[in-house]
Structures are given as structure tokens and as C-alpha cells.
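The values are calculated or read from the model by the stated rules, or taken from the named source; none is laboratory data. Because the structure is a prediction, the values reported are computed rather than measured. Cβ atoms come from the backbone with ideal geometry, glycine included; neighbour counts cover every protein chain shown.
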Amino acid sequence: MDPLELLRQAAAGRAAAGLSRRLTARGPDHDGLVDLASNDYLGLCGDERLAAGASEAIRKWGTGSTGSRLVTGTTTLHAELESQLAEFTDAPAALVFSSGYLANLTVITALAAGLGTPGGAGPLKGRGGVLVVSDAGNHASLIDACRLARTQGGAGVRVAVTPHRDAGAVRRALASREEGAAIVVSDAVFSVDGALAPAGELHAAAREHGALLVLDEAHAFGVIGPGGRGVAAAAQIAAEPDVIRTVTLSKAAAGQGGAVLAAPEVITALVDTGRGFIFDTGLAPPSVGAALAALQVIVTEPGLGARALANTARLAGLAAGLGLRAKPTGAAVLAIVIGEAGQAVRAQQICAGHGVRAGCFRPPSVPAGQACLRLTGRADMTEGDFAVAARALAAVREHSVG
Ligand code: PMP
């Protein structure tokens, strides 16, 4: 059969199951809507200082990094960003990637490969194999990383998925393992519902059982913890050698790119063996320049993250006051549980009709019957934004959705 006909049939099947997706191009002003859907937590996307950082970098370095990091794609600007990221996050070292997705994919696969050889100490000494313990609510990039690590490692790599935010289950998985080495993997802030990982408990379990802890701080960097230094910093485990963090530069830092923050041994493993590092073109200079400028803003205005959190808490209060099922979390992500998928889509449309762009999560991203509106709070929200948000949420309630 015509291969394109096969694709058309598959697309029709998805459409019938309500699984089609649609790209909607927006204008630079969010089409006049109040943006409660983006990840621009600190409101820095239109900031002149970031624009200046990006354009200065273009003028000096050009538009592209011209090669992979190991050939021509590492400029002194990249080195500067890595040193400043490490300093800000209290990390032993940092390595920049072209996206957060790639940082996650690369660090998990490289660690699984590097730890697979027999060695170690204690009762598991001399045993090969790696156990990767992954939270059931982890981001797709971590799930894909686990899958790829297993594919590459064959029988030597096992992935155990533990219930959402269940440090006890993680501890039990580590304690009962046969493998010599183990890695615990968790979002620091879960992207769907904004829940925080029990980072301190996860670290204690990992430490007790000789495992490494990988925390994805994508939604925490710049927002949570002291001065926006993240969940690990808040749990006072940031500088621990067995803690590895990943961040994205595309959310609070309002640009593009990602980074791994870790001990030098981990960075060396990534540079020597990380395929997503070695075979990818280095992050483009304007993105590096914008990230340096964003970091400068985050350092000099340490209250921005707290403001984003306070504004999110205010949105949660508004929603709860109207009788909606809002789940405040301590992150700048707010899930309002609506119920059935169709109702959640309807609630999203009602929001748009009342001037608010909101996100919407449906199964399989969330359990059946738990479809939700997903709102994000920003540091730069105005009283006018809150007034519009209040009217939109009241309309959602009035249409008895939620
Ligand atoms: N981790 C989490 C938790 C995320 O939400 C995202 C982005 N949606 C990523 C990683 C990927 O980051 P990036 O967009 O920079 O590839």
C-alpha cells in the first residue's frame, strides 16, 4: 500500500480516538490573551537585557556555533556560561547542551553505560548491571532516556518505575536490587501537576544504597529554592557529589538550551561517551548570550522566583475560592482538575473566550477522569491579569465545568 496512505489511515484512527494534535501559531503579544500557559515564569522572554545578550553574542560570534562541542562548537562564551551556571547552582561543574531534553537523554544513557561494568564496594561488589529507578510521573524526556538506556544496555540495564513521589518505594527498589549500580531519576517539579519531588528523602535513599540521584530541575531552576537555585538547593543537597541535576534554559531563563550540573567525573563521562553531546552541534551563540544575561538578572533580582510562586498561589486561591479543584503545590505550575477530557478542553476554550490562554492536560498525560486545566504563574503578572483570570475562572465554574 502507498506509505502515505498508511499514514493517512493512522492519522484518521487518532482523530477518531480524539488524539489528534493541532499547532496554533500565535502572535508576539499572545494574541491579546493573558498568558497563563507558557513556561516564561519570570516574565523574561521580552526582556531587553536578554535581547541585548543575544544580539551581542550574534555580533561577536555569529548565528551558529559552527560545529559539535568537541570540534569548533565550544566558544569561550560556552565556557563562561558553564562556569557561571555551576557557580550559581553550587554545582561542582556544568555542561551545556542544545536542549533540556537532550541533557536528560544523554546523562541517563551515559551514566547507565558507565556504571554497567562490575566494581564497587559492599555486598554488591563485583556485580555488574544497573538499576534505573524512575518516578511514574517523570517527564517524557526522562522516560525516553530510561528506554534508551535499557535498549543500549540490553540485559545489563533494568528500569523500575515507582509510584509518583514515593521515596519508600524507591528505597525498597534499591534495597532489593541484584544489580551492582543504581540511578534514581526524578523530576524536581513534576511538569503536569507542579508537585515537588521529596528530594531530601530520595537523596537519603540513594546515599544509603550507593546510588546516584538525578533530579530534573527544569521547572524549578530560577523559580524555587533560595534565589531560584532549585529544589536540590532548597533541600541542601545541591553540592553533594552523588546528586546530578539537569536544567533547561528555555523556561525561567526564557531562551533555549539545557545543562547538566554534576561532579567532574560525570561531566567527563558525558564528554567522552555522551552521544547527545558528542554528535550534536553546540548551542547557538545567541542562546548562550541570552542565558548569560538571564542568569545575571536572576542573580541580581533574587526575588523574581518568589514573586512567580506568590502569583501562582494567588491564582490557586482564586480558583479554590470559586469552588474549582485547584491543587496548590509550591511551584509556579497549577493544575485545576476538571474531570473528563472533553470537559477540560471546553474549560480551556472558555478561558480563551474570556481572554486567558490556559494549558490543558488529558489522558494519557494524566489518569483517566483527572483531565485538568494547567495554569502557570509569572513574576510579571499585573492586577489587570488577575482581574481577567478571575473572570475566566468564574466562567469555567459557571458553565459547571470542574
Ligand atoms: N524536563 C522537563 C520536566 C520539562 O518539562 C521539559 C520541557 N517541557 C524538559 C525537560 C525538556 O527541556 P527542553 O524544552 O529544554 O528540551
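Structure notes:
- Within the stretch 168-197, the residues that satisfy the criterion of being assigned to a loop (DSSP other than H, G, I, E, B) and within 16 Å of the ligand (Cβ to nearest atom) are A188, F190, S191, V192, D193, G194, A195, A197.
- Selection within the stretch 96-111: residues that are under 24 Å from G129 (Cα atoms) and under 11 Å from the mean Cα position of the chain (by Cα). The member of this set that is nearest to the ligand (Cβ to nearest atom) is N104.
- Checking V133 against (1) among the β-branched types (V, I, T); (2) away from the ligand (no atom under 16 Å from the Cβ); (3) surrounded by fewer than 21 Cβ atoms within 10 Å (Cβ to Cβ); (4) modelled with pLDDT of 95 or more, the condition it does not meet: (3)
- Here A206 fulfils each of the conditions (1) among the aliphatic types (A, V, I, L, M); (2) more than 16 Å from the ligand (Cβ to nearest atom); (3) assigned to a loop (DSSP other than H, G, I, E, B) apart from (3).
One line per residue, one yes/no per condition, for (1) under 24 Å from I183 (Cα atoms); (2) outside the structural domain of A199 (by TED's automatic domain parsing); (3) within 16 Å of the ligand (Cβ to nearest atom); (4) in contact (Cβ under 8 Å) with a residue 40 or more places away in the chain:
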| position | (1), (2), (3), (4) |
| --- | --- |
| A220 | yes, no, yes, yes |
| I237 | yes, no, no, no |
| A252 | no, no, yes, yes |
| V260 | yes, no, yes, yes |
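- Checking each residue of the stretch 111-130 against the condition of being over 14 Å from G289 (Cα atoms), without any contact (Cβ under 8 Å) to a residue 60 or more places away in the chain and buried (at least 22 other Cβ atoms within 10 Å of the Cβ) gives at least one match.
- Each residue in the stretch 70-84 was checked for being buried (at least 16 other Cβ atoms within 10 Å of the Cβ) and closer than 12 Å to P285 by Cα, and 6 of them qualify.
- Counting the residues of the stretch 37-53 that are crowded, with 19+ Cβ neighbours inside 10 Å, away from the ligand (no atom under 16 Å from the Cβ) and in a loop (DSSP other than H, G, I, E, B) gives 1.
- Pairs with Cβ under 7 Å, 6+ apart, first in the stretch 206-218 and at positive phi, second in a loop (DSSP other than H, G, I, E, B) and surrounded by fewer than 24 Cβ atoms within 10 Å (Cβ to Cβ): G210/G120
- Verdict on V401 being over 26 Å from the mean Cα position of the chain (by Cα), at pLDDT below 95 and either in the same structural domain as H219 (by TED's automatic domain parsing) or part of a loop (DSSP other than H, G, I, E, B) (or both): yes
- Any hit, the stretch 54-66, residues being among the hydroxyl-bearing types (S, T, Y), touching a residue at least 12 places away in the same chain (Cβ under 8 Å) and assigned to a helix (DSSP H, G or I): yes
- All helices (runs of 4 or more DSSP H) inside the stretch 224-291 with 1 or more residues being under 18 Å from H78 (Cα atoms): 264-273, 275-278
- Evaluation of L6 against (1) surrounded by 20 or more Cβ atoms within 10 Å (Cβ to Cβ); (2) farther than 30 Å from G228 by Cα (one fails), failing number: (1)
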